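For reference, the structure discussed in these notes is given below.
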Amino acid sequence: MRAAMPEPAGQSGGDAGRRAAGELETAVLAVLQAAGSPLSPAEVRDRLGGGLAYTTVVTILSRLHGKGVLDRRKAGRSFRYAPADDQAGLAARRLARMLDAEPDREVVLARFVSGLSGADEELLRRVLGEGDPGRG
């Protein structure tokens, strides 16, 4: 009889197909972005495949909504979910939340800018110089 081999981190024998942390959120967001219109949890579950429990999908959707990544609207007794923004907008929201969590915004921004490549620094200067009326 062979000795049991240790399982890779995050997996157990019954969960060999289990997704890594964050991977399911990414998959759910990709389904919603590809849909082009709000989806119910059941529709998200069907498009994901893989036999996920309905409650698992609802939990992921609720978490993403709580993080501000998804918008939701009531539809009967359930909700329909859609991305709150496009990929660039979601990345900008993540950066803003990270910046909001720091006590000294000026130091964080200065460090960020000092670490940019020359091309990215020039791009940032150009974007800031445009005076986008949508900023604020």
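The values are calculated or read from the model by the stated rules, or taken from the named source; none is laboratory data. If you're wondering where the values come from, they're calculated on a predicted model, not measured in any experiment. So basically every Cβ, Gly included, is an ideal-geometry build from the backbone, and we count neighbours across all protein chains shown.
Annotations
- Taken as a whole, the stretch 68-87 holds at least one residue that is exposed (fewer than 10 other Cβ atoms within 10 Å of the Cβ), small (Gly, Ala, Ser) and over 20 Å from GLN33 (Cα atoms).
- Helices (runs of 4 or more DSSP H) within the stretch 43-136 that include 3 or more residues of a type in the set (Lys, Arg), without any contact (Cβ under 8 Å) to a residue 40 or more places away in the chain and out of contact with any Cys (no Cβ under 6 Å at 6 or more places or on another chain): 87-100
- Qualifying residue in the stretch 93-101 (condition: among the basic types (Lys, Arg), modelled with pLDDT of 95 or more and within 23 Å of the chain's Cα centre (by Cα)): no
- Hits in the stretch 93-126 - residues which are of a type in the set (Val, Ile, Thr) and within 23 Å of VAL69 (Cβ to Cβ): VAL108
- Matching residues in the stretch 59-88 - criterion: being of a type in the set (Val, Ile, Thr) and over 14 Å from VAL31 (Cβ atoms): THR59
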